[in-house]
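Inspection log for the structure reproduced underneath, given as structure tokens.
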Amino acid sequence: MVHIVAYADESYLDDGFVFMGGYTAPVDTWIDFAGKWKSVLIEHPEVPYFSNRGFKSQEWQRNHGVVDAHLLPAKTLKLATLVARSGLWFPVVSTIEKSLFEKVIKSRVRATKNPRYELLRDPYYFGLCAGICKVLNWRAVERFRQNEADERRRNRALGSDAPAAPVIPCRRR
């Protein structure tokens, strides 16, 4: 069993889409990555967290005591390079058109004030669900590929290259 951790962030894009994106990886990979990420954040100019919009905002910089803000683009590049080289497994992205969400989903939720149905009124919840489905599907495909590779190795060890079971093609997205 593999324990997977995900980090995702959401944003409302000006073109009417709700966007959610992030990465998944095993716990040990995240622990290693988080330490490296934190060490970049505390390098001069120190920042409490990464905010792409905040790094460009004088108000955000002032509120967080950032000095030498002209160095923030280099910090952004260093953080991006860290992500690219990190070994994080799987990028997860989901989008939903806000007007479509309002028309198809939110308009059908009858209990507009009941807190039990609060998530059904939130497009980010559906983005999260889509992201979870993508991770689960990806893990199933990876498991299938691993099982198929293990079977080929066993067959070669036994002197046969023929698969013992039919190969089921997987759709690539």
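The values are calculated or read from the model by the stated rules, or taken from the named source; none is laboratory data. This one's a predicted model, so the numbers in the text were calculated from it and none came from an experiment. All Cβ positions, even for glycine, are placed from backbone atoms using ideal geometry, and neighbour counts span all protein chains on display.
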Here is a check on your reading of the model: is residue 102 over 19 Å from the mean Cα position of the chain (by Cα), of a type in the set (Asp, Glu) and within 26 Å of residue 132 (Cβ to Cβ)?
yes
If you check residue 40 against the conditions, is it of a type outside the set (Gly, Ala, Ser), over 27 Å from residue 18 (Cα atoms) and touching a helix residue (DSSP H, G or I) at 6+ places or on another chain (Cβ under 6 Å)?
yes
Only one of (1) part of a helix (DSSP H, G or I); (2) in contact with a Phe, Trp or Tyr (Cβ under 6 Å, 6 or more places away or on another chain) is not met by residue 25, so which one is it?
(1)
Those residues of segment 62-92 which are among the hydroxyl-bearing types (Ser, Thr, Tyr) and assigned to a loop (DSSP other than H, G, I, E, B) amount to 86
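Do we have residue 54 as out of contact with any Gly (no Cβ under 6 Å at 6 or more places or on another chain), surrounded by 15 or more Cβ atoms within 10 Å (Cβ to Cβ) and part of a strand (DSSP E or B) here?
Judged against the criteria, residue 54 is not a match.
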Over segment 38-47, the set of residues part of a loop (DSSP other than H, G, I, E, B) and surrounded by fewer than 12 Cβ atoms within 10 Å (Cβ to Cβ) is 44
For residue 152, are the conditions met, namely being at pLDDT below 80, exposed (fewer than 11 other Cβ atoms within 10 Å of the Cβ) and more than 27 Å from residue 29 (Cα to Cα)?
no
Residues in segment 37-56: is at least one in contact (Cβ under 8 Å) with a residue 40 or more places away in the chain, farther than 14 Å from residue 89 by Cβ, out of contact with any Cys (no Cβ under 7 Å at 6 or more places or on another chain) and not polar (S, T, N, Q)?
yes
Could you list all residues from segment 98-119 that are assigned to a loop (DSSP other than H, G, I, E, B) and β-branched (Val, Ile, Thr)?
105, 109, 112
Test: residue 95 is under 26 Å from residue 52 (Cα atoms) and outside any helix (DSSP H, G or I)
yes
